[in-house]
Amino acid sequence: MPFEVIQPLRQQESLHHRKGLLAPSLRPTGLPAEPVRRALLTGGVAAGLMAYLVWGSVVERTFEQEDLYLIPLVFVAITLLTAAVTLVSPFLQALRVELALDEAGVRCAVSGLVTYYPWMLLGPAQIEPDWRGIPTLALTNASGRVFARVPLFGKSVHASAVALLRSYEQRRAGPILPAPPVARALARQGRPIAAWLEALATFAAAGNKRAGYREQAPIELGELPSIVADLGQTPEHRAAAAYVLLAQRAPDLDVVKDAVTAAAPPLVQLLVHLSPAGKAIVSRESIEEVRPFLEPDEAAAIDGAG
């Protein structure tokens with residue numbers, strides 16, 4: 001999915017755990033950017049003043065010899081400023097990254113740009129020190145290119161990164177199961193979201209008609225609940241199955257409600273929200289949280305649904 005521009009992420013606690021996701025999402029924000037910039041500005045002015053005093057005392061002799069005692073302060077100021085730049089730079093880098101795992105991939109926001117990586121497009125991840133010795137979580141795509149680096153400051157953040165990494169490797173190694181015939185029949189096949197939903201609604205209507213005639217649901221529709229709940233199925237198949245289930249004449253909300261949580265892929269949450277009975281499961285507030293990770297036409301469907 002191409003990157004989409006989103007609004008700057010809200011300031012939150014130093015580490016938060018999004019409810020329902022598979023592992024703590026990472027975004028250390030304990031050091032706000034504005035105080036850091038103010039500290040650097042103050043340190044820079046102080047270092048400049050010290051340099052001026054040294055220049056006047058040693059070179060131009062405009063100051064008295066006793067002012068030479070300020071020279072050590074110059075070195076202290078420069079040392080502190082260098083240390084600040086060395087440590088603050090990776091922390092500001094961490095401020096610009098947020099990672100969260102769901103059932104089908106990684107939601108990644110980097111410097112206000114967001115994307116969604118399904119497991120099949122992801123490579124290994126690891127925690128290793130950078131050149132400053134700061135432990136850093138690095139995630140790679142299938143070709144081996146690092147697409148996110150998160151410096152880890154503090155024991156709690158490091159522990160959360162270890163938990164995230166463990167879940168990441170477990171889910172990435174999970175198999176993608178072959179879809180049952182009914183799921184393949186509901187596949188999107190490159191259609192726009194509106195055409196896909198229309199086809200799913202037609203499928204559900206046909207199922208309702210046959211169920212009314214036979215007094216029981218057709219056999220193929222009986223497979224839909226297991227498809228929705230099966231994390232080995234692709235998000236597309238799970239989303240389609242959930243939509244058809246909720247478009248049935250007497251939908252079993254509990255089946256979908258148990259399977260579709262905040263950890264469900266954005267596409268699954270979208271189709272549940274757009275289904276006739278789905279807003280009780282995925283509210284407008286919930287779907288807005290995953291809107292940045294949807295394709296433009298998918299996000300537009302949210303507004304069209306009202």
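The values are calculated or read from the model by the stated rules, or taken from the named source; none is laboratory data. Because the structure is predicted, anything quoted here is derived from the model rather than measured. Using ideal geometry, Cβ is built from the backbone for each residue, glycine included, and neighbour counts are taken over all protein chains shown. For the accessible areas, the whole protein counts, side chains as well, though only heavy atoms, and no ligand, DNA or RNA atoms are used. Shrake-Rupley method; radii C 1.70, N 1.55, O 1.52, S 1.80 Å.
Treating r as the C-beta distance of R166 and Y52 and R0 as 51 Å, the FRET efficiency rounds to 0.45. Solvent-accessible surface of segment 89-158, taken per residue with a 1.4 Å probe and all protein chains present: 41 Å². Counting protein heavy atoms only, segment 122-266 has 57 percent of its accessible area on carbon and sulfur, 1.4 angstrom probe.
Globularity index of segment 224-306 is 0.97 (Cα radius of gyration / 2.2 N^0.38 Å, N = number of residues). Calculated FRET efficiency, K257 to W131, Cβ-Cβ distance, R0 = 41 Å: about 0.25 to the nearest 0.05. Label-to-label distance for V88 and A159 is 3.0 nm, based on points extended 7 Å past Cα in the beta-carbon direction. Determine the gain in length on full extension of the stretch R249-A187; use 0.36 nm per residue of separation and subtract their C-alpha separation, reporting nm with one decimal. Answer, rounded to one decimal: 20.1 nm. Work through the residues other than A125 whose Cβ is under 13 Å from its Cβ and net out their charges, Lys, Arg +1 and Asp, Glu -1. Neighbour charge sum, excluding A125 itself: +3. Available extension along the chain between A300 and A206 is 31.1 nm, counting 0.36 nm per residue and deducting the alpha carbon span. For segment 134-150, backbone phi angles converted through the Karplus equation (6.51, -1.76, 1.60; θ = phi - 60°) give residue-by-residue couplings of 7, x, 9, 7, 10, 10, 10, 8, 5, 7, x, 7, 6, 10, 7, 10, 10 Hz, Gly and Pro being listed as x.
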